[in-house]
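Working notes for the structure below.
The values are calculated or read from the model by the stated rules, or taken from the named source; none is laboratory data. Fair warning: this is a prediction, and the values are worked out from it, not measured in the lab. Virtual Cβ from ideal backbone geometry, glycine too; neighbours counted across all protein chains shown.
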Amino acid sequence: MTMPLSLNRNCRRTLLQAWGGATLLGGTGIAGLIATALANDAAAAIQGIRRLSGAVTLNGVAAQAGMPVRQGDRIVTGANSEVVYVIGQDAYLQRGQTSVSFADNAAGILRVISGKLLSVFGKGERNLVTPTATIGIRGTACYIEAEAERVYFCLCYGEADLVPTAAPAERELIRTTHHDHPLYIHNDMQMPKMMVPAGVINHTDAELILLESLVGRVPPFDGNPAHYSISN
């Protein structure tokens, strides 16, 4: 479970120094984003699109920073594009060539139609629907790369209930503290198992720190921000 800690002055300084060399979303953009989040303590998380680069559409319209993102919305990124946004107590980093939609009801359903998405979630249950599995989560962080026949899933920390679409009997409840059990989830009945172990790819602890800071939290894998790694 993510710890809802208020960051003191020393922690803020440490995190800002760590982010000084980061290049996500164009170098200076990321430093300004996390600086704002830490300065405000994110007591009331600023909602909507916080930062974007490249081609990003919200419900088919060109997106801009500050636009709200609500249930029922769909966000699509083009090649070499990226967007960071907040909905309630959840925060997302959506990479290029990715399509994500949110259910227009209170069911907490997020559809990762295609592409790459890093997410951190507050309290309460969510259901992630991907091309090859349905994933139930609670107070979790995860990274997904979704293709039609294979989905990469890393439960960065928290708890998840995985149900492969092609083999529901392989359902698995997993708990991790720090990228402990990444998987590829297939949709190929010729394979002996739909879920197979994978490595940690294409997401970093620094990105998790950023997303959690936007909603007033820090990741639970290390209580001392001075020890956070910039890459896995």
- Message: Among the listed residues Val76, Val83, Val163, identify the single one that is closer than 27 Å to Met189 by Cβ, in a strand (DSSP E or B) and in contact with a Ser or Thr (Cβ under 8 Å, 6 or more places away or on another chain).
- Response: Val163
- Message: Can you find a residue that is assigned to a helix (DSSP H, G or I) and modelled with pLDDT under 95 anywhere in the stretch 184-202?
- Response: no
- Scan the stretch 15-22 and give yes if some residue there is within 20 Å of Phe221 (Cα to Cα), modelled with pLDDT under 65 and not hydrophobic (A, V, I, L, M, F, W, C), otherwise no. yes
- Enumerate the pairs (first residue in the stretch 169-194 and at positive phi; second residue anywhere and surrounded by 15 or more Cβ atoms within 10 Å (Cβ to Cβ) and assigned to a loop (DSSP other than H, G, I, E, B)) with beta-carbon separation below 9 Å, excluding pairs fewer than 6 apart on the same chain, so at least 6 apart or on different chains. His179/Val200; His179/His203; His179/Phe221; His179/Asn232
- Residue in the stretch 99-111 that is nearest to Lys123 (Cα to Cα), counting only those that are touching a residue at least 24 places away in the same chain (Cβ under 8 Å) and in a strand (DSSP E or B): Phe102
- What number of residues within the stretch 84-102 satisfy the criterion of being within 10 Å of the chain's Cα centre (by Cα) and of a type in the set (S, T, N, Q)? 1
- Note on the structure: In the stretch 113-129, residues that are part of a strand (DSSP E or B) and either under 12 Å from the mean Cα position of the chain (by Cα) or touching a residue at least 40 places away in the same chain (Cβ under 8 Å) (or both) total 6
- Query: What is the one condition in (1) surrounded by 14 or more Cβ atoms within 10 Å (Cβ to Cβ); (2) over 18 Å from Ser119 (Cα atoms); (3) at pLDDT 55 or above; (4) touching a strand residue (DSSP E or B) at 6+ places or on another chain (Cβ under 7 Å) that Gly66 does not satisfy?
  - Reply: (1)
